[in-house]
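Shown next, in structure tokens, is the structure this report addresses.
The values are calculated or read from the model by the stated rules, or taken from the named source; none is laboratory data. Since the model is a prediction, treat every value here as computed from it, not as a measurement. Cβ placement follows ideal geometry from the backbone for every residue including glycine, while neighbour counts extend to all protein chains displayed.
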Amino acid sequence: MTYPYPSEVIIRNPCRGNCSTTTVGSIYCVGCSRYWRDIVAWNAMDDAEKIRAMKVASYHQEAKKMGLVEGDNTDYDQASIHSEVERRLRETDPEAGTPQGG
């Protein structure tokens, strides 16, 4: 898969320095919203994997805003939650695509 950016662009680590996966054992970080496995594997990931990890994080942020998941300590079927997030976003804005990370 190709992406619309020059190959010299570096995808930076989104860590904000307030990681909850190590301090309170959250499954999703309260700082960057990444899944714990994505945090552990980040330095070994290629660009496509990093983009996927950030997409998962943005869906998690939206799912929390929508009340679909309770906090960062609940593991869930990501595919079904992501589908529900997209469905709800389309209901409110038919032009909406995938959530934007924040």
Seminar exercise, completed: Scanning the stretch 48-63 for residues that are closer than 16 Å to Cys15 by Cα and of a type outside the set (D, E, K, R), the one surrounded by the most Cβ atoms within 10 Å (Cβ to Cβ) turns out to be His60
Exercise. Within the bounds of the stretch 70-77, is there any residue that is in contact with a helix residue (DSSP H, G or I) (Cβ under 8 Å, 6 or more places away or on another chain) and at pLDDT 85 or above?
Worked result: no
Exercise. In the stretch 28-50, what count of residues is obtained for those that are β-branched (Val, Ile, Thr), within 17 Å of Val69 (Cα to Cα) and modelled with pLDDT of 85 or more?
Worked result: 0
